[in-house]
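Throughout, read-outs are computed from the coordinates displayed, never taken from laboratory work. These figures come from a predicted structure and were not determined experimentally. When we count neighbours, we look across all protein chains shown, and the Cβ atoms used for this are built from the backbone with ideal geometry, even at glycine.
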Amino acid sequence: MTGYFIPALAEIEKRLITHGKARELKESFKSFDWSRFNGPLDNATTYEGPLSLNFDDNSLKKIWESSKGEGYASPAVTKDRLILFHLDAGQEIIEALNPETGHPIWSYSYPANYRDRYGYSNGPRASPVIWKNRVFAHGVTAWLTCLDLITGDLIWKRDLKKEFKIPDYFFGKGSNPIVVHDTLLLNTGGEKGESVVGFDLGTGETKWITRDKWGASYSSPFRTFMHGREVCLFLTGGESRPPTGGLLVVDPTNGKKLSRFSWRSSNYESANASPPIPISNNQVFISECYEKGAALISFDSEFKTKVIWENPALNIHWMTPVLVGKYIYGVSGRHQRGAEVFCVEAQTGKVKWKEKVSWVQTVMGKTLDLELFRGSLLKTKDHFIGLSELGSLVVMDLSPEGWKIHGTKQLFFAPGTWTLPAISHGLLFIMQNETDRMSGKKPRIICYDLRP
């Protein structure tokens, strides 16, 4: 069975608008694939460079854009393939585009009937994963699909919702998969306590199941080492009465549950969504938005937990906190208004600062007071790139002393811009998830040239 279908490619080509040509990459430029959500090392950090990040002189060069369907998934990118995952006309679509031109290479789709009960986007929440020559995608209705990266041919797929009787949860399924060695790990949830499941990469067969009553969250897992042992961190917790969830530490080779730490709001309408991040060999930072906020947890050699510090005011909604040296940077706040960027000393919990990142910008002849709001942070070698939830792109410095903006660019005015940007081989990929209030343009993916 193949996903390559000529008429479908012709329709995808019609969505493409070409603006220019990307600069040639210099031999000295360091390039990396962006193979899954949060980048090469799962830490919302790019190691590419040098990058051209001067926005004030309008040097941010748009290369191409392509309209897309619904969803919040970020793209997965290699040098010659970009995987876009979205929902359109009742079909969940996995398609490969040329990263430099946007031209379609192959497309695969299947029916997906989902309607968000709160009126948000109906498309996939989880981002695709590229592993060697395979693509893995976890859909909003819990279809797990494996395709050939080169051809788009179907290798295997599983209806996890039907198999494990997974509930819809508040916003459908949104767990990001992660590959460790020869296993795909996924926070599935399930009627019989199938909290985390390990799937064989080649066949899709179940290798092992980690059972726990904590359901599937919207957080992304993190692979790390504790006390010399390889582990995966899952911040679980989806829809349940009473609400339950927390941090699970799992052995990726066999699914053994090494530790669990309860961390979930007592409010029914809450869910864990921010990824856990390792701070040292035996410490993990976690945060939820609705009540308990943030905590630093330590694990002894037997994986028993101890709270080092906690702070309910550092309540991250969904963004990925970024560790730089001794400090953690994040965005706190449940609602758009009142959201603040913070810097906290990782070991002590001492808040160095917690403020609104704001600026004044002229857009279409109007002077506007803008903020990062509940935005995303992406660390580069020299700066941070911030993407606000309304479509503002910001280059800034964040340090224990405070924040400083170097340049801003209003890409569009579209709410729901909650997808972390991706940078791969000198190209910046931005997902606009709702209609642009300035131009009227529908949801789209936009490629910019950051090559020097």
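Annotation: amide H of Tyr327 within the under-5 Å range of Ala346, sequence separation 5 or more or interchain, hydrogens built in the peptide plane. A simple spin-label model places the labels of Thr18 and Lys79 2.2 nm from each other, with each point 7 Å out along Cα-to-Cβ. The calculated 222 nm mean residue ellipticity attributable to helices in the chain amounts to -1000 deg cm²/dmol, summing -39500 (n - 2.57) over DSSP H runs of n ≥ 4 and dividing by all residues. The Kirkwood hydrodynamic radius of segment 312-356, based on inverse pair distances between different Cα atoms, is 10.6 Å. Here the Karplus curve 6.51 cos²θ - 1.76 cosθ + 1.60, taken at θ = phi - 60°, turns the phi angles of segment 206-222 into couplings of 6, 8, 7, 10, 9, 9, 6, 6, 6, x, 7, 9, 10, 7, 9, x, 9 Hz, with x standing for Gly and Pro. For Lys26, a cut-off of 20 angstrom between C-alpha atoms picks up these aspartates and glutamates, skipping any fewer than 8 places away in its own chain: Glu48, Asp80, Glu100, Asp382, Asp449.
Over all other residues within a Cβ to Cβ distance under 9 Å of Lys173, the charged ones net out to +1, with Lys and Arg as +1 and Asp and Glu as -1. Each of Lys356, Lys157 was scored by other Cβ atoms within 10 Å of its Cβ. Listed from fewest to most, they are Lys356, Lys157.
Looking at this model, which pairs from Lys257/Lys306; Lys213/Lys257; Lys68/Lys132 are more than 21 angstrom apart at the alpha-carbon? The answer is Lys68/Lys132.
Note that segment 81-207, at 10 °C in a medium of 1.306 mPa s, gets a Stokes-Einstein diffusion coefficient of 107 µm²/s from its Kirkwood radius over C-alpha pairs.
Here Cα extents along the principal axes in Å was computed from the coordinates, and among (i) 57, 55, 45; (ii) 70, 50, 41; (iii) 68, 54, 43 the match is (i). Along the positive direction of the dipole of segment 305-452 (beta-carbon charges: Lys, Arg +1; Asp, Glu -1; about the Cα centre), which of Leu411, Val322, Leu398 reaches farthest? Among Leu411, Val322, Leu398, the one farthest towards the positive end of the dipole of segment 305-452 is Leu411.
Among Asp382, Asp449, the ranking by other beta carbons within 10 Å of each residue's beta carbon, starting with the fewest, stands as Asp382, Asp449.
Pairs exceeding a 26 Å alpha-carbon distance, out of Lys62/Lys366; Lys161/Lys441; Lys173/Lys381: Lys161/Lys441; Lys173/Lys381. Once both labels are positioned 7 Å from their Cα atoms along Cα-to-Cβ, the gap between Thr206 and Gln91 label points is 3.1 nm.
Taking K and R as +1 and D and E as -1, what net charge do the other residues with C-beta under 9 Å from the C-beta of Ile155 add up to? Net of charged neighbours comes to 0. A crude spin-label estimate for the pair Ser298 and Gln336, with each label 7 Å from Cα along the Cβ direction, gives 4.2 nm.
Peptide packing: for 278-288, 72-82, the average count of neighbouring Cβ atoms within 10 Å per residue gives the ranking 72-82, 278-288, highest mean first.
Neighbours of Ser67 by Cβ distance under 15 Å: Lys/Arg scored +1, Asp/Glu scored -1, total -1.
Each peptide in 412-421, 385-394, 333-342 was scored by the mean count of other Cβ atoms within 10 Å over its residues; highest first, the order is 385-394, 412-421, 333-342. If the chain linking Asn281 and Trp359 were pulled fully straight, counting 0.36 nm for each residue of separation and taking away their Cα-Cα distance, it would gain 24.2 nm.
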